[in-house]
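Everything on this sheet refers to the single structure shown next.
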Amino acid sequence: TLIYGGWSLMKVLFLIEQTPPSHLSVCYLSLCTGQMTDLLYTEKELVQSLREYIKAEESKLAAVKSWATKLDALTRTSTADPEGYLGHPVNAYKLMKRLNTEWSELESLVLQNPSDGFISNMSTHRQYFPDEEDKTGAARALMRLQDTYQLDSEAFSKGKLPGVHSNVILTVDDCFDMGKTAYNDADYYHAVLWMQQALKQLDDGEEAVISKVEILDYLSYSVYQMEDLPRAIELTRRLVAIDPSHQRAGGNLRYYERLLLKQFSEQNQAQDQDQPASEEPIQLGTYMRPKDHLPERESYEALCRGEGVQMTETRRSRLFCRYQDGYRNPRLLLKPMKEEDEWDSPHIVRYLEMLSDKEIEKIKELAKPRLARATVRDPKTGVLTTANYRVSKSAWLDGEEDPVIARINQRIEDITGLTVDTAELLQVANYGVGGQYEPHFDFSRKDEPDAFKRLGTGNRVATFLNYMSDVEAGGATVFPDFGAAIRPRKGTSVFWYNLFRSGEGDYRTRHAACPVLVGSKWVSNKWFHERGQEFRRPCGLTEVD
């Protein structure tokens, strides 16, 4: 094995290219980014169709206006002296002609509907439009990003994302829709944040379709649900001042005031009827975010932000880089893989230049038509289902369907020394904006013994993860148990064992795919199983070997 200090000195030894020349076509959640790209072109086509419709309507209207102008002058003359006008035979003839023919032609012109082409185009494309679930999912994705990367609603609404300068903004109506999505999910924490932002922008003079009364109605009740009675009363009073006839607001106000009085009475405190609500604006940190199903939520999200990484100088000194020839594998002797340690224990390594750009594009090309919402196995029923904690689209590729997939499978086997005969197919996943996979284990635990029973190949012994794109912001692979964060780098791969040599699960390998903040994350992975590895990775003598 050769230790490298700089790749340029060693490239003279690379006599064989990793990928032989080939003529591969290069092609470009819940919609994935690839599918959303198609929607951009669809929208462009619809805009062109709309402009053609407008042009046709304008042409039609111009013809009608011209006809009306001509007849307006004619009727003024004819009605000024009807008998004199009709005394001329040509005028009498032309009147008959106009009423018999030309007015009928005008009627036909008015009845023409230039929108037919546009409507037909809309109908053709509508089947590919996002549905209500997609729209709701997109709103939830923005809230997920807001929480993970601690982005306040105002910065978000102005397009101010970490490291990104953009003119994209969220309007009052956009913020209201965000808040309403959260409200309908009984997520009053986010409902407050977004309704408050909608109200602020409306107070600042921004025009909107939604009214201040509607915003205050949702906001005041959401604040009440966050147990901030003084502020709920203040907001409801503001609503009633604008619309005194609002029955629900009037009833709520009386209820809130009685409730506050009762609280003061129970605490034996004198109540100040005009006690002001907090003057602090409602933003991140004003209210406590409700706890959820994930015990390591805070540490997981901190790692996603680049905080709490436990890579000390002592640990860093134990990490090395080297050339990996797969224990003198003939295919790697002349061009060994560049291997870097990412973590010491559990041992996680990264392989550089694992996939070429052409291979990556071929994988995307094969996967894109098959991408479907990724599923997880329900630990109670064993049934595959979708879940909010895994938001991505995935597809499975067999090595027999294309030489590129077969070649990649062989390369993975050469590098790891593990057989791919009992491994799962190559899984390709695309995480769009907000796409994530919360902390999970790749292997099955003792409380789910039937997880891989159908495969008959034992548990997942190891994970080989290929990064097929760079990600502008977010999208790291993190390990909350020991504080590691691995950033996506296009063309590289990371590898780790999920099981000890004894077959016991290594619970430290619980990991997550952080939400993608900006960009699109493409990955592919190979899961190795226990069967077939008996002589390639012999069993250890102790439980944690």
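Considering only the range 70-77, I want to know if a residue exists there that is modelled with pLDDT under 85 and loosely packed, with under 10 Cβ neighbours inside 10 Å. Within the range 70-77 (the criterion being modelled with pLDDT under 85 and loosely packed, with under 10 Cβ neighbours inside 10 Å), the answer is no, since none of the residues qualifies. Hey, among the residues in the range 34-63 that are of a type in the set (Lys, Arg) and under 33 Å from the mean Cα position of the chain (by Cα), which one's nearest to Gly519 (Cα to Cα)? The selected residue is Lys44.
What residue, of Gly475, Gly483, is touching a strand residue (DSSP E or B) at 6+ places or on another chain (Cβ under 9 Å) and of a type in the set (Gly, Ala, Ser)?
On the way: Gly483 fails: touching a strand residue (DSSP E or B) at 6+ places or on another chain (Cβ under 9 Å).
Among Gly475, Gly483, only Gly475 is touching a strand residue (DSSP E or B) at 6+ places or on another chain (Cβ under 9 Å) and of a type in the set (Gly, Ala, Ser).
Scanning the range 499-516 for residues that are more than 15 Å from Glu296 (Cα to Cα) and crowded, with 23+ Cβ neighbours inside 10 Å yields Pro515, Val516.
Of the residues Pro336, Pro403, Pro346, only one is over 24 Å from Phe479 (Cα atoms), at pLDDT 95 or above and either touching a Lys or Arg at 6+ places or on another chain (Cβ under 6 Å) or buried (at least 16 other Cβ atoms within 10 Å of the Cβ) (or both); which?
On the way: Pro403 fails: either touching a Lys or Arg at 6+ places or on another chain (Cβ under 6 Å) or buried (at least 16 other Cβ atoms within 10 Å of the Cβ) (or both); Pro346 fails: over 24 Å from Phe479 (Cα atoms).
Every option except Pro336 fails the conditions.
Given Leu499, Leu541, Leu465, Leu517, which one is within 25 Å of Ala372 (Cβ to Cβ) and more than 20 Å from the chain's Cα centre (by Cα)? Step by step, each of Leu499, Leu541, Leu465, Leu517 is checked, and only Leu465 is within 25 Å of Ala372 (Cβ to Cβ) and more than 20 Å from the chain's Cα centre (by Cα).
Tyr149 meets the stated requirement of being out of contact with any Ser or Thr (no Cβ under 9 Å at 6 or more places or on another chain), closer than 27 Å to Ala513 by Cβ, among the hydroxyl-bearing types (Ser, Thr, Tyr) and modelled with pLDDT of 90 or more.
The number of residues in the range 125-182 that are small (Gly, Ala, Ser), surrounded by 19 or more Cβ atoms within 10 Å (Cβ to Cβ) and closer than 21 Å to Pro281 by Cα comes to 4.
For the range 364-376, state whether one or more residues are of a type outside the set (Gly, Ala, Ser), farther than 30 Å from Leu145 by Cα and either open to solvent by 40 Å² or more (accessible area, probe 1.4 Å) or at pLDDT 95 or above (or both). Looking through the range 364-376, none of the residues is of a type outside the set (Gly, Ala, Ser), farther than 30 Å from Leu145 by Cα and either open to solvent by 40 Å² or more (accessible area, probe 1.4 Å) or at pLDDT 95 or above (or both).
Per the conditions (1) open to solvent by 40 Å² or more (accessible area, probe 1.4 Å); (2) part of a loop (DSSP other than H, G, I, E, B), the sole criterion not satisfied by Tyr218 is (2).
The values are calculated or read from the model by the stated rules, or taken from the named source; none is laboratory data. All figures in this text were calculated on a predicted structure; none of them were measured in a lab. Don't worry about glycine lacking a Cβ; one is built from the backbone with ideal geometry, like all the others, and counts go over all protein chains shown. Just the protein is used for accessible areas: all its heavy atoms, side chains included, with ligands, DNA and RNA removed. Shrake-Rupley method; radii C 1.70, N 1.55, O 1.52, S 1.80 Å.
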